[in-house]
Every structure is written in C-alpha cells, then in structure tokens.
Amino acid sequence: MFTIRRIFDDALAANRNAIEQAERLFRASFPAAPASDIEGLRDKLHNPFKHKFRAVLYVAEKAHGNVRGFAILLHDPTLHFSYLDYLASDIELSGRGYGAALYERVREEALRARSHGLFYECLPDTPELCSDPAMLKANIARLRFYERYGARPIVGTAYETPVSGGPAENTPHLVFDDLGLGTELSRTWTRKVIRAILERKYASLCPPEYVDMVVRSVRSDPVELRPPRYVPTPKRRQLRPAHVSEPIGLTVNDRHEIHHVRERGYVESPVRVKVIRDALEESGLFTPLRVKEFPLARVTEVHDEEFVRYLQRACKAASPKRSVYPYVFPVRNATRPPRELSVMAGYYCIDTFTPIHPNAFLAAKAAVDCTLTCAEEILKGRRLAYALVRPPGHHAERRTFGGFCYLNSGAIAAQYLSKHGKVAILDVDYHHGNGQQEIFYDRADVFTVSIHGDPAFAYPYFTGFADERGEGPGEGFNLNLPLPENQDGAQYRRALARALEAVRQFEPTFLIVGLGLDPAKGDPTGTWSLSAQDFHENGRAIGRLRLPTLVVQEGGYRTRTLGINARHFFEGLAETAYT
C-alpha cells in the first residue's frame, strides 16, 4: 500500500525528507534535465509569484516516508491552465501503479484549481522522430497510457520544431488533457498557453523570435488534436469535488458517550458529536483516522500532576447515580486543601456547574488521544485534521477544570507540536479560551488568540480582557478580542481579520483552531447571530493562512444547527487551505 501526499513546503521534517527523496529520484529519472528544475523546487513552493507559476508537488509514499514516485504540477491561475512538469516513479518498481495514481491525483488537482485543461510534453512515438527502439517503445507506452484519459498531442503547429534548426529528432509533442470537461482549444487561448510555457519554463533556451514563430504557427480554430491512435474509447474517471485536494483527517472520540450527565439543563450532551458527525459524513471531505492511545505524560506536560491525579481519583470514586458538583471553594487558604474528594472539587474547579462524574476523566483522556492523533498526522504532512471530541477542553487551565472542560486537548496538542516549530492557537468559541491563555501566558513559542464575548457579560467573567497580553518572555504573545453582546457575521469577520493578521505576523509552523460553534444564532450559551454562511466565510478566511491546521471541537450547543454550521465551516476551510 502507498499514499499520494501533497507537499506544500519544507517546514516539516517529513516534508523535507520527501523533497530530498524526490530530488534523488528526479536525477535518476531525468539525467539530461536541467538541475535547476529540481534544485529550485523548494523556492517554487514558497514563492509562486516569483516563478510566475504556482508549483504543486505530489509524492507517492510507502510506509515510513519512503518516496516511490513524484509529480510536479505548474498552475497558472490567470490563464486557467495547468502544466505537468515532471512525473516519475522508481524505475525498479515500474508497474506498481505509482505513475497512474500520481497522474490521477494531478488531474484532480488541476480540476480543483479550476484549470480548463492540463498540458504536458511527451517524446514522439514514431520511428521517423525517434530512431532508438528502446526509447520508441517507452514513448509509445507513455502516450498509450495518457490516451486512456482522452489526452492527445496537439497537431498542426510548429511546437516540435527544434530551437537549433536541426533535424526533428526526439522533439516533444505538446499534449492536452481536457480533464473530462470537454474543453475546446481556441486558437487565442492556446497561443497564450504556449507562449507562457516557452517564455517561463524555457526562457534560457528559447529566444523571443523562436517563441513568436511557434505561437504564430497555431492557426486552426479550434486547435486540432491528433486522432486516437491506441485507445478508441478513453475512460472517464470520476474526479473528487473540485474544492478537495486531500481528505481532512478525522478522529472521533468513541468513548465520549460514557460521559453523559443526565441532569436537566446540562447542555454538553453526547448528541452534539452525533449531529456533527452525521452532517460531515455527507460532505465527502473527511477520511477517518485510527485513534492512538498516548501516555499520560503528554497530559502532565501541560497539567499539574496533582490536579490530574485528583481528577482520576475523584472520577473513579464518584457514584454512577449522582454527579458531584463543586460547592465549597477554599480560596481563603489554598495551601490547606480539604481531604474529602467531593469537597475538594471546588479547590480545582472554577464554577459550580461542571461535575465530577464517573467517566469524565476517561472521556477527557480519550479526547486528548484523538487530538494528539491528529497532531501526529499533521507532523507526518497532512494539511488539515479535525478532532471531533467531547468533553471540550479550552477552559481547563494548568491545575483547574470548569466550563464543561477537564483536560485541555488543544493546549496538549500545542505543547506536542511546539517541539517541532512555533504554534498559534486561534480560539473562535463564544467563550474566552482561558485555559490556553493561562498555560502559555509566559511563553513566546505559542501564540494564543481568542475571539469571545466580553467578560463583562460572558463566561468565565474573570479573564479574557484586552489588556491581558502575556508576561515575561510571553509578553505580546497573547491576544484577546472581546466583542459586544450583539454580533452579526460581518462584525465578527472584522475581528477575525485582526486575529488572522496577528497570526500571520507571528509566522507559526502550525495552527490549532479551537472550533466553538456557539457563536451561532440561537445557541443557548451565547448571544451572537452567526449563520451557516458566516461559518463558511470564517472557514475560508482561516484557510487562507495556508498552514498545517488542527481543528479541535470546543463548544456549540444548539443541536438543530450544529451539523450544518460545522459542515459549512469545513467546506470553507477546504476551499482555501489547499491553494
């Protein structure tokens, strides 16, 4: 088994390793090609405007990151065409399906980028133009393969004319694949495409007069393709939806239902996950990930060990018939905590409505495992991952729980990722993300941003003010954007734009989004009025950061709209995150 993975940049160790292997495979497969074509790949991925093409790299990867093939696609968003620059698989492993899988993914990417067609070069398949029998056989096989997709050489132009003016030996055809769109090659568009290819890709080889000659040679309208030579009826493969580049990794806390507090009015219920999951299954955007269990040491890197031990013991001792709610808060003498577990709840809790329940710790630890599984996938190179978990976590501080939160899954994932680069946490829940603020308040490697209801009227009331900016080394690395009681989508997006600009200036390697769906209209815990379309636009705005992004489910309690709002958010995120 192998996977096809897109490499967006060289920020991650997994990506750097893949690029290095692709470079070695390039040199083995194309020994006569200019070294600059592969040596400048990293720069092309980073600076598309500099190179006048948006470069896309895909690798065919076996287990443990072993690259068996690669494809480099160039995209022109102005002329709306894509150009397959190189595609190769390990010569010793030909016939294993790497090339076919890469080509199909390239076609999907070209379609997703709204290209009207895909162009590339192929060496000639006739003895008159290729006298080497072995090379001729390979050329025939290659053109036969592409013809299965309806792709054929353009004819009736001077594209095959050698630049030197010598004999036309092994000069390439320009091949066109309409991606199943039925695109007709107009003379004007084809001329522009050919000029773009020759002037950008072959600028050092093709003088201006040669480019002009080839462009002028395109006379027929529409431009003709060679009749099918090998496959009379090409197959039409169904492509992924145009806005999907790769599936979003999804983990679901399958142990969340054991945490079911049945008291009347307790809105953090199991149905929250079900309605979101049901809505997402219809989208086709996600692929499930197998959840891995992580050691408790990952939790105690973030949370105080005594606090964690208390949660374990108190939940284990709790009665299955009756939840324990904090009712005594020993703030006057915090150095002398009570010994009784039920009384001690107030020593660690920030409110009176988050209970100690027999399965609360087990469910919270399972949520942490889901989130860390997603974080691990991000480190392996996946661009987007979503931990659909409950209970939520963003109100849990280093040694306190509250707001339905017991362990701060997002903060634990941020700590895990921070060993590999800077992390930004963007909390878009209606309530302030006090947990990650407190945990990272004195650190400069994790930037915490929260958009929330003003603490003058919104939980947790004692934190989330605009003047809380961090302390010590962390000063300036915490941003709170408290908003008024009434907010519509347009007002909210202005605050989101400020938050995203601050994240851009921080230049993180990773982004964690605390996804609260409680800014929605009618949520029982909020006062704002965001619609499904607003969540779509918010997702698009966040996706434009183009960062490896882990989304962690936080609040959101209006079950009638949870699913549709979540789906709109991820559809918007996927539309822009892969460009």
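The values are calculated or read from the model by the stated rules, or taken from the named source; none is laboratory data. Treat the numbers as computed from the prediction; the structure is a model and nothing was measured. Methodologically, a virtual Cβ is constructed for each residue, glycine included, from the backbone with ideal geometry; neighbour enumeration extends over all protein chains shown.
Of all residues in region 1-39, those being charged (D, E, K, R), within 21 Å of residue 377 (Cβ to Cβ) and buried (at least 16 other Cβ atoms within 10 Å of the Cβ) number 4. Just checking, does region 40-49 include any residue being surrounded by fewer than 21 Cβ atoms within 10 Å (Cβ to Cβ) and modelled with pLDDT of 90 or more? Checked region 40-49: no residue is surrounded by fewer than 21 Cβ atoms within 10 Å (Cβ to Cβ) and modelled with pLDDT of 90 or more. Just one of the listed residues (397, 376) is of a type in the set (Asp, Glu) and part of a helix (DSSP H, G or I), namely 376. Which of the residues belonging to region 137-186 are within 26 Å of residue 203 (Cα to Cα) and part of a helix (DSSP H, G or I)? The one that is within 26 Å of residue 203 (Cα to Cα) and part of a helix (DSSP H, G or I): 139. Picking from residues in region 387-412 that are of a type in the set (Gly, Ala, Ser), buried (at least 24 other Cβ atoms within 10 Å of the Cβ) and under 26 Å from residue 347 (Cα atoms), the one that is nearest to the chain's Cα centre (by Cα) is 410. Among the criteria (1) over 26 Å from residue 100 (Cα atoms); (2) of a type outside the set (Ser, Thr, Tyr); (3) free of Cβ contacts under 8 Å to residues at least 12 places away in the same chain, the one residue 168 does not fulfil is (3).
Against the conditions (1) more than 26 Å from residue 13 (Cα to Cα); (2) surrounded by fewer than 24 Cβ atoms within 10 Å (Cβ to Cβ); (3) within 24 Å of the chain's Cα centre (by Cα), residue 422 satisfies every one except (1). Within region 440-459, the set of residues being assigned to a loop (DSSP other than H, G, I, E, B), touching a helix residue (DSSP H, G or I) at 6+ places or on another chain (Cβ under 6 Å) and either without any contact (Cβ under 8 Å) to a residue 24 or more places away in the chain or crowded, with 19+ Cβ neighbours inside 10 Å (or both) comprises 441, 443.
Results for (1) modelled with pLDDT of 95 or more; (2) surrounded by fewer than 20 Cβ atoms within 10 Å (Cβ to Cβ); (3) in a loop (DSSP other than H, G, I, E, B), shown as yes or no for each residue.
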{"position": "485", "(1), (2), (3)": "yes, yes, yes"}
{"position": "491", "(1), (2), (3)": "yes, yes, no"}
{"position": "512", "(1), (2), (3)": "yes, no, no"}
{"position": "524", "(1), (2), (3)": "no, yes, yes"}
{"position": "533", "(1), (2), (3)": "yes, yes, no"}
{"position": "540", "(1), (2), (3)": "yes, yes, no"}
{"position": "563", "(1), (2), (3)": "yes, no, no"}
{"position": "566", "(1), (2), (3)": "yes, no, no"}
{"position": "570", "(1), (2), (3)": "yes, no, no"}
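Once region 100-116 is narrowed to residues that are among the small types (Gly, Ala, Ser) and over 21 Å from residue 230 (Cα atoms), the residue that is farthest from the chain's Cα centre (by Cα) is 115. In summary, residue 497 fulfils each of the numbered conditions (1) hydrophobic (A, V, I, L, M, F, W, C); (2) closer than 25 Å to residue 571 by Cβ; (3) part of a loop (DSSP other than H, G, I, E, B) with the single exception of condition (3). The set of residues in region 241-256 that are of a type in the set (S, T, N, Q) and at pLDDT 80 or above comprises 251, 253.
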